[in-house]
């Protein structure tokens with residue numbers, strides 16, 4: 001099961017992540033996305049969640065993202081953790097507004 005949430009800031013993200021953890025979601029399967037790479041990295045580290053890397057995307061997709069626009073990279077990363085291309089596009093638009101996107105998955 002995949003849960004997708006948007007929040008305004010890191011305080012709201014922390015609250016939502018704590019709820020997900022009580023529902024059985026593991027930190028290794030909770031991802032936070034922000035349009036700004038530094039903001040994303042800082043929040044991911046502070047809240048001890050996972051970042052999308054080669055494991056989720058595969059080597060070639062990861063290498064491709066190194067030369068893609070930030071929007072293309074974000075959509076590819078969100079698709080790698082379970083969103084459809086359409087969902088990834090919709091959530092990337094939320095990131096354009098300055099929001100954070102949380103994606104969490106677990107086996108049922």
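The values are calculated or read from the model by the stated rules, or taken from the named source; none is laboratory data. This one's a predicted model, so the numbers in the text were calculated from it and none came from an experiment. Neighbour counts run over all protein chains shown; Cβ positions are idealised from the backbone, glycine included.
Find the residue count for region 75-92, including only residues that are touching a strand residue (DSSP E or B) at 6+ places or on another chain (Cβ under 6 Å), part of a helix (DSSP H, G or I) and modelled with pLDDT under 95. Number of matching residues: 0. Taking first residues from region 36-49 that are on the phi > 0 side of the Ramachandran plot and partners that are assigned to a helix (DSSP H, G or I), the Cβ contacts under 7 Å between residues at least 6 apart in sequence or on separate chains come to 48/27.
Quick one: count up the residues across region 93-108 that are in a helix (DSSP H, G or I) and either touching a strand residue (DSSP E or B) at 6+ places or on another chain (Cβ under 6 Å) or in contact (Cβ under 8 Å) with a residue 24 or more places away in the chain (or both). Looking only at that region, the number is 3. Looking across region 24-53, the residues that are in a helix (DSSP H, G or I) and more than 14 Å from residue 75 (Cα to Cα) come down to 27, 28, 29, 38, 39, 40, 41, 42, 43, 44, 45, 46. For region 39-52, the set of residues classified as within 11 Å of the chain's Cα centre (by Cα) and modelled with pLDDT under 85 consists of 49, 50, 51, 52, listed by residue number. Here region 32-52 is the region considered, the condition is being touching a helix residue (DSSP H, G or I) at 6+ places or on another chain (Cβ under 8 Å) and within 16 Å of residue 6 (Cβ to Cβ), and the residue that is surrounded by the most Cβ atoms within 10 Å (Cβ to Cβ) is 32.
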